[in-house]
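The values are calculated or read from the model by the stated rules, or taken from the named source; none is laboratory data. Keep in mind that this is a model prediction, so the values were computed, not measured. Positions of Cβ are generated from backbone atoms using ideal geometry, with glycine treated the same way; all protein chains shown enter the neighbour counts. Heavy atoms of the whole protein, side chains included, go into the accessibility calculation; ligands, DNA and RNA do not. Shrake-Rupley method; radii C 1.70, N 1.55, O 1.52, S 1.80 Å.
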Amino acid sequence: MIRGFQVLLTFLIIQVFLVAGCATYYQKNIRFQEQFVKGDLEAADKMLDRNKKASKGINRLLYFLQKGMVLQLLGKYEESNAFFEQAYIFVEDHRKNYRAEMASFLSNPGIKVYEGEDHEKVLMLYFKAINYLRTGQFDGALVECRRINNSLNALNDRYERKKNRYKRDAFALNLMGIAFEASGEINDAFIAYRNSYEAYRDIYQPQFGVDIPLQLKKDLLRTAFLNGFIEELEGFERVFKMKYDRTTVQAPEVVFFWHNGLGPVKAEWSLNFFIVKGQGGAVVFVNEDLGLSIPFPVPPMGQGGNGLGDLKFVRIAFPKYLERKPYFRTAEISNGKQIYPLELAEDINEIAFKTLEDRLLREVSNSLMRLALKQAAENTMRSKNQNMGALLSVLNAVSEKADTRNWQVLPYSISYARIPLTEGNNQLKLTTVSPDRSGSQVHHFEFDAVKGQTLFHVFHSLESIPLRAY
């Protein structure tokens, strides 16, 4: 009998060690990721279509978001927005399933409906607005900009007294200004640019390391002048140490957005305790994230140990992000006369890491409550049957998993530039620069512009350094 216990004990310990290798959301969708990363968007789209049941399951928000992104890159802007709109409606209408909430406390948070990270909810509206801007539908873009503003206000209200560094999205506010100005609403554009400037100054610079774009400063000065806000214009000129040329004649232009690389994916890290009482027993502390496995011998606790009932496992898991560094570091656009650098405006990778860190600090109590409930159930079972209590200990450890879901086709970062055009045909050259410049790439674009027109274009460099961990 003791021999049988030892065999089962060994098997269960192996299973708990292997639980850390259970597939993450990224690994479960690796074929889609591979097609997307290599730019085979038609294949990626077909893979999503073959998995339409995902549109009704607990990951349906991610299905809508992935589908919307793929269709945008395929140039199917109206179809893309149809899926982003479904994502928006889901976020607005979603109500917590309290039965699933309770079940997640007894198992893991991955069994709940995925509600999206805060920055994902804002960025889906950015991509929706971009679709409208690409097709010249400024009214539709402004609707999304106002939705962005509402989402940002909701973030401020929700975290008013809690640690949260992502209280405002400076880039989203910048986009609002760009859209307002393109549609002729100069006063609203000035307000949005000013709000964006303050968000870059107060949040993005100190928290995410993103400087105030020079182009934003120019836009703020220009709209202050066009609105006749001379006092504000002179005040910003002093702050920026810049002088606005009041004789400037507005030419047609293109606002060029560069989506570089791919954002991070979620994995997990955990703290595991294996406790075996009795003769020769030991406590083993394991931390996969740090690569630690440290056994500690314990004094004998009486005869007859090493049975299944002497086994106790404790495991608590948390999500973490894994960075996918972009291959290209910078980019610039030339019109044959002048070079315009693409300025970093949104570091999605950094925002994702910081917001997850803040969320875990706020929600660590949920993880501890889940652990406490599992331990309470285990202790109740042990009081009735030691062996069954040990089995429940293993089950609790195996079921403890972090939620590794996230929107995994977001870019690593977003940069932009305003390039003046001439009326008629314009030839532009985009150069994406690798670290040693040997792998730099050149892309050519052609734009036909008319007087007073603002065009919009997006280019996504999908190249990223592979995830070694996978």
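Please find, within region 226-275, the residue that is nearest to residue 319 (Cα to Cα) out of those that are in a helix (DSSP H, G or I) and open to solvent by less than 60 Å² (accessible area, probe 1.4 Å).
That would be 240.
Give me the pairs: first residue in region 31-48 and of a type in the set (A, V, I, L, M, F, W, C), second residue surrounded by fewer than 14 Cβ atoms within 10 Å (Cβ to Cβ) and outside any loop (DSSP other than H, G, I, E, B), beta-carbon distance under 8 Å, and six or more apart or on different chains, which are they?
Close Cβ pairs satisfying both conditions: 47/31.
Which of the residues belonging to region 169-181 are aromatic (Phe, Trp, Tyr) and open to solvent by less than 10 Å² (accessible area, probe 1.4 Å)? Before the answer, list the steps.
Applying the first criterion (aromatic (Phe, Trp, Tyr)) to region 169-181 yields 171, 180.
Listed by number, the list holds a single entry, 171.
Within the bounds of region 435-450, is there any residue that is part of a strand (DSSP E or B), acidic (Asp, Glu) and within 26 Å of residue 134 (Cα to Cα)? Quick ask: steps written out before the conclusion?
Within region 435-450, the first condition is being part of a strand (DSSP E or B), and the residues that meet it are 441-449.
So of that shortlist, the ones also acidic (Asp, Glu) come out as 446, 448.
When the remaining residues are screened for being within 26 Å of residue 134 (Cα to Cα), the result is 446, 448.
Yes, that holds for at least one residue.
Out of everything in region 426-438 that is at pLDDT 95 or above and either of a type in the set (Val, Ile, Thr) or over 20 Å from residue 461 (Cβ atoms) (or both), what residue ends up being least open to solvent (accessible area, probe 1.4 Å)? Give the derivation first.
Quick first cut of region 426-438, residues at pLDDT 95 or above only: 426-432.
Filter again for either of a type in the set (Val, Ile, Thr) or over 20 Å from residue 461 (Cβ atoms) (or both), leaving 426-427, 431-432.
Working: 426: 16, 427: 107, 431: 26, 432: 0 Å².
Looking at the filtered set, the residue picked out is 432.
State whether one or more residues within region 451-467 are out of contact with any Asp or Glu (no Cβ under 9 Å at 6 or more places or on another chain), open to solvent by 60 Å² or more (accessible area, probe 1.4 Å), touching a residue at least 24 places away in the same chain (Cβ under 8 Å) and among the charged types (D, E, K, R).
So far as region 451-467 goes, yes, one or more of its residues are out of contact with any Asp or Glu (no Cβ under 9 Å at 6 or more places or on another chain), open to solvent by 60 Å² or more (accessible area, probe 1.4 Å), touching a residue at least 24 places away in the same chain (Cβ under 8 Å) and among the charged types (D, E, K, R).
Within region 208-225, how many residues are more than 18 Å from residue 192 (Cβ to Cβ) and assigned to a helix (DSSP H, G or I)? Lay out the reasoning, then the answer.
Applying the first criterion (more than 18 Å from residue 192 (Cβ to Cβ)) to region 208-225 yields 208-209, 211.
Keeping just the survivors that are assigned to a helix (DSSP H, G or I) gives 208.
Number satisfying all stated conditions: 1.
Of the residues 197, 204, 166, which is open to solvent by less than 70 Å² (accessible area, probe 1.4 Å) and part of a loop (DSSP other than H, G, I, E, B)? Give the steps one after another, and end with the answer.
Working: 197 fails: part of a loop (DSSP other than H, G, I, E, B); 204 fails: part of a loop (DSSP other than H, G, I, E, B).
Going through 197, 204, 166 in turn, just one is open to solvent by less than 70 Å² (accessible area, probe 1.4 Å) and part of a loop (DSSP other than H, G, I, E, B): 166.
Residue-by-condition table, conditions (1) assigned to a helix (DSSP H, G or I); (2) open to solvent by 10 Å² or more (accessible area, probe 1.4 Å); (3) hydrophobic (A, V, I, L, M, F, W, C):
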residue	(1), (2), (3)
133	yes, no, yes
142	yes, no, yes
151	yes, yes, no
154	yes, yes, yes
